[in-house]
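Below: the structure, in structure tokens.
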Amino acid sequence: MNILEIIAKKRDNAKLSKEEIDYFIENYTKGEITDYQAAALVMAIYINGMDYEETTNFTLAMAKSGEILDLSDLGFVVDKHSTGGIGDKITMVLMPIVAALGIPAAKMSGRGLGFTGGTIDKLESIPGYNTSISVEKFKNNVKNIGISIMGQTLNLAPADKKLYALRDTISCVGSIPLIASSIMSKKIAAGADKIVLEVTVGSGAFMKNLDEAKELSETMINIGKQAGKQSICVLTNMNEPMGYSVGNSLEVIETIEALSGKMEEDIKKVVLELGSYMIKLAGKGDDIEANKKMILEIIESGEALNKFRQLVENQGGDVSYIDDVSKFESAKYIIPVLADKAGYVASMDNEKIGYISCSLGAGRIRKEDEINNRVGLIIKKKIGDKVDVGDVLGYIHADDEEVGSRAAKSLVECYNYSEEFVEKQKQILGVLE
Ligand code: URA
């Protein structure tokens, strides 16, 4: 077997065998297949696709390319994953809730990717919060207080890491078999027994329409089945930012408010839906409506916020910031953004909002960029809201006045209006099991 034959086969739209896929993943991870050969194969996969069997084999080969976390001593672990979005702080809100309900919350999260934010960058805006603890401490935290959220310090699915970086440089991110295998390889390597996947759909997501999102979901559910890890996909709307904040410490502040009971409706809908299916998969309740009630009660009791506080304390974070969010350092400039037109907000360029956040310093344009925790956006008007000229659409939090003014101008351009009444967006677009 050699890589030239494998590339030629996929170029000619033939099916790759398990042996060929294993050969490629193993030798690419070791550096024995070059980036340009891998790029040729990835492009051929992008164009010609892979069927379920190939995609599952690709996933399992990537999962096995590095360490596989063994969480069996923690009991039954249900993981949660989002395909990414703008202002998506669901992991920070949801994991303390499920932990407070007695479900082990052992979560390895990622950093921001392209225009989307990442949980690890957000948590690091809490002074002292250590995201790179040892796996032993990670597991002990889950045993002791029921929750830990850390970064991917282990060598989990290194083949995916290499391939993802390569795909990013050759315009090959947006392929369903490649995205599905990338996500599921990391989930399988991270050791969960069952998985709830938040598949985001819309202008601020990788999947721009419902059909693509359904196809991605079906592919991931099928991989989960083959790998013995039951998976459920909840399709969520990403046509506008989730909640009212975009940016690292701004999102932590919103998380604390949400767990205190002041939760934006869109966040609540997603938390209730995902959380209910996590409870179901954990074997703690089959009735989704009853599960939603349990979640609302645990938030109201204050136990979910208390669990978030414990999580922060246990990972070295300064909990005085949780008790008093005004301690978070503010950006130097807070610039109001005013509407230049009147009407009902009909659509928002959510991907562009993600890029505005990156341009302020909240995300990385290049891999080596430093994150600025203070900066970001506060969004005051969303789809369906009525706007008059001069109304505040939002606020830019910037450390550089010129960059901030440019961001403000760009945010105005993200809004499109209609003279006719526009319905508010639906948050939950479907559930696939
Ligand atoms: N998230 C991932 O982990 N991988 C992809 O390919 C896309 C989104």
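The values are calculated or read from the model by the stated rules, or taken from the named source; none is laboratory data. Note that the structure is a prediction, hence the values are computed from the model and not measured. Every residue, glycine as well, gets a Cβ built from its backbone with ideal geometry; the counts of neighbours run over all protein chains shown.
Taking the numbered list (1) away from the ligand (no atom under 15 Å from the Cβ); (2) in contact with a Lys or Arg (Cβ under 7 Å, 6 or more places away or on another chain) in turn, Val234 passes all entries but (2). Among the residues making up the range 38-69, those that are touching a helix residue (DSSP H, G or I) at 6+ places or on another chain (Cβ under 6 Å) and within 19 Å of Lys225 (Cα to Cα) are Met50, Tyr52, Thr55, Thr56, Asn57, Phe58, Thr59, Ala61, Met62, Ala63, Ile68.
Could you say whether any residue in the range 64-83 is modelled with pLDDT of 95 or more, under 23 Å from Lys284 (Cβ atoms), crowded, with 24+ Cβ neighbours inside 10 Å and of a type outside the set (D, E, K, R)? Within the range 64-83 (the criterion being modelled with pLDDT of 95 or more, under 23 Å from Lys284 (Cβ atoms), crowded, with 24+ Cβ neighbours inside 10 Å and of a type outside the set (D, E, K, R)), the answer is no, since none of the residues qualifies.
For the condition assigned by TED's automatic domain parsing to the domain that holds Ala99, away from the ligand (no atom under 15 Å from the Cβ) and out of contact with any strand residue (DSSP E or B) (no Cβ under 6 Å at 6 or more places or on another chain), what is the one hit in Lys137, Lys208, Lys194?
Within the list Lys137, Lys208, Lys194, the selection yields Lys137.
The selection criterion, being within 15 Å of the ligand (Cβ to nearest atom), assigned by TED's automatic domain parsing to the domain that holds Leu296, over 20 Å from Leu360 (Cβ atoms) and among the hydroxyl-bearing types (Ser, Thr, Tyr), does not hold for Thr131. Considering Met43, Met1, Met108, Met50, the condition of being surrounded by fewer than 21 Cβ atoms within 10 Å (Cβ to Cβ) and not in a helix (DSSP H, G or I) is satisfied by Met1 alone.
Among the residues of the range 266-275, is there at least one that is modelled with pLDDT of 95 or more and more than 21 Å from the chain's Cα centre (by Cα)? No: the range 266-275 contains no residue that is modelled with pLDDT of 95 or more and more than 21 Å from the chain's Cα centre (by Cα).
Here Glu257 fulfils each of the conditions (1) in the same structural domain as Ile90 (by TED's automatic domain parsing); (2) in a helix (DSSP H, G or I); (3) surrounded by 22 or more Cβ atoms within 10 Å (Cβ to Cβ); (4) of a type in the set (D, E, K, R) apart from (3).
Just checking, does the range 100-108 include any residue being within 16 Å of the ligand (Cβ to nearest atom), of a type outside the set (D, E, K, R) and modelled with pLDDT under 95? Among the residues of the range 100-108, at least one is within 16 Å of the ligand (Cβ to nearest atom), of a type outside the set (D, E, K, R) and modelled with pLDDT under 95, which makes the answer yes.
Listed by first and then second residue, the pairs with beta-carbon distance under 6 Å, at least 6 apart or on different chains, first residue in the range 166-189 and at pLDDT below 90 and among the aromatic types (Phe, Trp, Tyr), second outside any helix (DSSP H, G or I) and within 9 Å of the ligand (Cβ to nearest atom), form an empty list.
Of everything in the range 171-183 that is more than 9 Å from the ligand (Cβ to nearest atom) and not in a loop (DSSP other than H, G, I, E, B), the residue that is farthest from Ile21 (Cα to Cα) is Ile176.
Of the residues in the range 225-247, none is in a helix (DSSP H, G or I), under 30 Å from Met348 (Cβ atoms) and in contact (Cβ under 8 Å) with a residue 12 or more places away in the chain. Consider the range 146-164 and keep the residues that are over 13 Å from Tyr28 (Cα atoms) and either assigned to a strand (DSSP E or B) or without any contact (Cβ under 8 Å) to a residue 12 or more places away in the chain (or both). The one that is farthest from the ligand (Cβ to nearest atom) is Ile147. Selection over the range 368-421 of residues that are touching a residue at least 60 places away in the same chain (Cβ under 8 Å) and more than 23 Å from Phe328 (Cβ to Cβ) gives a count of 13. Candidates are the residues of the range 199-223 that are surrounded by fewer than 24 Cβ atoms within 10 Å (Cβ to Cβ) and either charged (D, E, K, R) or closer than 20 Å to Lys107 by Cα (or both); the one that is nearest to the chain's Cα centre (by Cα) is Lys208. Scanning the range 143-160 for residues that are surrounded by fewer than 18 Cβ atoms within 10 Å (Cβ to Cβ) and β-branched (Val, Ile, Thr) yields Ile145, Thr153.
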